[in-house]
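The values are calculated or read from the model by the stated rules, or taken from the named source; none is laboratory data. The structure displayed is predicted, hence computed values, not measured ones. So basically every Cβ, Gly included, is an ideal-geometry build from the backbone, and we count neighbours across all protein chains shown. These accessible areas exclude ligands, DNA and RNA; they are computed on the full protein's heavy atoms, side chains included. Shrake-Rupley method; radii C 1.70, N 1.55, O 1.52, S 1.80 Å.
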There are 2 protein chains.
Amino acid sequence: MGITKSEHFTDHQNELANVLKALGHPARVAIVEYLIQHKQCICGDIVNELPLSQATISQHLRELKQVGIIQGNIEGNSICYCLNPQVFEQITQFMGIVIESVAKNKCC
Amino acid sequence: MGITKSEHFTDHQNELANVLKALGHPARVAIVEYLIQHKQCICGDIVNELPLSQATISQHLRELKQVGIIQGNIEGNSICYCLNPQVFEQITQFMGIVIESVAKNKCC
DNA sequence: AATCTATATTGCAATATTACGATATAATTT
DNA sequence: AAATTATATCGTAATATTGCAATATAGATT
């Protein structure tokens, strides 16, 4: 099918899954890593950095923006993107809970 | 196309993306959350918990196992699954770097 | 205002993912 | 050994994702 039965899961599960899915592509990881290093970028910076077309980069940026991983501010005729820390704090919290849980007992 | 140009990215980027993609589905988030609560499960436990078929659950468990998020041990005629903390430590480290980076300066 | 620069969107083709019924495999119980 | 229980795999249909060329949009520059 290819369709995910979102209606059967909690909002929290769907939201977390959406954010993680958005980060689940090497080009989007690379964009986030570029932003870690350079703090900000415009679309053209990433086009120069990655071997993907301008249309494809623009699409990846939109996906990151849709789930709140990055935010964009219009600056003249270009758009300046940067990371939104809140989302990463949410993810880190979830991962922390997992690690804490697992630390308590070994696997079966 | 639907095909990801993995060859253009670093191993680190591809591996991280694969793990995050595996977590990027609400059913698989739900499975991880079940394991947080119950520490371990067999396939049938998840089949009772989620409104998906046994075949589909088995598929999701395989995806989680393939990227090392869970591990499975044969116990009689069932397989006992549990979380593998190492993967989550990797993810948390990456998220921590992002948060640290962003804390240093505000967005453009 | 015409051109240039930067980004977004549309339309399309190829591939991937999701889900499930049916079936296979393997250990357990009767 | 036959039936039961537990899980995996196969085959298939429907939908989603990825990527790009072409085009649209909008601000900047000449």
Exercise. What number comes out for the charge environment of A:Lys21, summing +1 per Lys or Arg and -1 per Asp or Glu over other residues with Cβ under 11 Å away?
Worked result: +1
Exercise. So if R0 is 30 Å, what FRET efficiency would A:His8 and B:Glu75 give, r being the distance between their Cβ atoms, rounded to the nearest 0.05?
Worked result: 0.60
Problem set entry | Charge sum, other residues only, whose C-beta stays under 12 Å from B:Gln37's C-beta, Lys/Arg counted +1 and Asp/Glu -1 | -1
Exercise. If you put a point 7 Å past Cα along the Cβ direction, how far is that point for A:Ser78 from the same point in each other copy, in nm, smallest first?
Worked result: 5.8
Problem set entry | Accessible area that becomes buried as A packs against B, both chains, 1.4 Å probe, Å², nearest 100 | 4300 Å²
Seminar exercise, completed: accessible surface per residue for the stretch A:10-103, probe 1.4 Å, DNA/RNA/ligands not counted, whole Å² -> 48 Å²
For this session: Shortest first and in nm with one decimal, please list how far the A:Lys104 label point sits from its counterparts in the other copies (point 7 Å along Cα→Cβ).
Result: 3.7
For this session: Distances from A:Gly44 to the same position in the other copies: list them in nm, one decimal, shortest first, using label points 7 Å from Cα along Cα→Cβ.
Result: 6.3
Exercise. Counting only the heavy atoms of the protein chains, how much of A:Ile74 is accessible to a 1.4 Å probe, in Å² to the nearest 10?
Worked result: 140 Å²
